[in-house]
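The values are calculated or read from the model by the stated rules, or taken from the named source; none is laboratory data. No experiment lies behind these values; they were computed from the predicted model shown. FYI the Cβ positions are ideal-geometry reconstructions off the backbone, even for glycines, and counts take in every protein chain you see.
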Amino acid sequence: MGSRDFISSLPDEVLGKKVLSLLPRKLVVSTSVLSKRWRNLFLFVDKFDLEDSTSLRNDGFSDFMEKTVALLLSNCPTKRLTLNCRYERSSVHRWIRSALQRGCLELNLQCLYGHSLDIGIFSSSSTLVKLTLSSYLTCLLGYVPLEEGTVFFPVLKTLSIGAVAADPDLYDWLISGSPVLEELFIRDVGDGDDPPTWTRSVVSASIKRLAIFFHLLYNTEPYEDDVEIKTPNLEFLDYSALLSDDFDVGNLDSLAEARLDLRLWELPTTRQFGDVTNLVAAIRNVKTLHLSSASLQAFYYCCFTMPVFHKLLHLSIVSDKENGWHALPRLLLKSPNLQTLAIKGLLHKVTYRCGNACVCTSKPEKKVLYKTCLDISPRDEVKGMCCLSTCRVKVLEISGYGGSFREVRQMAHFLGKLKYIETVKIGVEEDDSNNNNSEFLRANLRTLDRASSMCNFQFL
């Protein structure tokens, strides 16, 4: 039994679609020389992932691979085609056309080596469900620009565009030409002095999940154009970018979860730039909200009226030693039904703007670079009421707890003010060199006074 080839005895369908489909294309083609049994099995493969470094060499095997792939794509049903190689552009165009003609469901085009692609070769497909364009791919519109309306993907549900050089119109055409699009991912990080390609606009009635990462590393001028988001059926939003001048946001009443990383510009002058008021108002119905440390500053400096988050149940923030908890007091006061407060790291910049949410004792700074919603129209609720004492949070989650003096003081402040807390989950930073230290930190936390008699600890 030890010498018998059990794998070769499997049915052709299993060997082709279940076994060979999991292997790199080079190995799949190589199996054709093992024996007569394996000679034609690669014809059953319906997923083609071409990420072969041999394509960089002008040798016989590369020529054989190119001819074999052309044969397969011309004669076999294709569910997925992934290209990340440096074959001739004419070959790549031919493969894409063949795959789409054979009913391709998923097309993943990327190139770490740099590759130009004529977008006209796949401007429409009646079967494509997922399309990815990324990794230094240059999308060309061809010698004759496409007319508006010629891009049409009637069943496309997932579209990812990242790190591509393209005509800005491409974004609008792809989005408007995909009437049932549900997931959209945009990553525009720029390259050198190249201008951004994303038009800062997403308009779609079908999109449910939207993720945007928009950062130009070498750009020192603020984004003066507004960001437009018109997605009435959006359920999840992940947005990371330096602030634009304003946000033109439509109805987002279906939004259940939002992740925001809104970064302020480091301008040489004291002038204010950016306004997130409309964006904050649009996400008022979220149930889960994740904010970076920079977003807390943006909410504080560039939001002039904060709505009440009646449906917010879970709020998580990230601490950073360079930023304070500026907007946390207002957020807690504006979230009457909040159940869970999660904080990644307790250490943050000491500043009087954190209010009574923490134990900061710094004196007011002399220079204020931005006027804020609190500075312009201070509320009695912020000045007179403790945001923790009125907070109805039942679960407090702290990760990255190190047990420093400031962290212990902050935990004592939380436990002494949160009257409705039931569970405190603590992720203690493990010290491999001293296991007793973790036990000491846990024991020390249990000795702190608690405003809630139902408060219990869980150490993660």
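Remarks
- Which listed residue, of LYS371, LYS349, LYS367, is surrounded by 12 or more Cβ atoms within 10 Å (Cβ to Cβ), of a type in the set (D, E, K, R), modelled with pLDDT under 75 and out of contact with any Ser or Thr (no Cβ under 7 Å at 6 or more places or on another chain): LYS371
- Test result for ASN434, modelled with pLDDT under 75, over 27 Å from LEU313 (Cβ atoms) and over 34 Å from the mean Cα position of the chain (by Cα): yes
- Residue satisfying all of: in the range 79-107; buried (at least 17 other Cβ atoms within 10 Å of the Cβ) and among the polar types (S, T, N, Q); modelled with the lowest pLDDT among these: ASN84
- Scanning the range 221-246 for residues that are in contact with a helix residue (DSSP H, G or I) (Cβ under 9 Å, 6 or more places away or on another chain), buried (at least 22 other Cβ atoms within 10 Å of the Cβ) and at pLDDT 90 or above yields VAL227, ILE229.
- Pairs where the first residue, in the range 96-110, is within 17 Å of LEU159 (Cβ to Cβ) and the second is surrounded by fewer than 21 Cβ atoms within 10 Å (Cβ to Cβ) and among the aliphatic types (A, V, I, L, M), C-beta under 6 Å, 6+ apart: ILE96/ILE121; LEU105/VAL129
- Residue within the range 315-332 that is assigned to a strand (DSSP E or B), acidic (Asp, Glu) and either free of Cβ contacts under 8 Å to residues at least 24 places away in the same chain or over 17 Å from SER389 (Cα atoms) (or both) present: yes
- Answer residue from the range 195-213, given it is assigned to a loop (DSSP other than H, G, I, E, B) and among the β-branched types (Val, Ile, Thr) and is modelled with the highest pLDDT among those: ILE207
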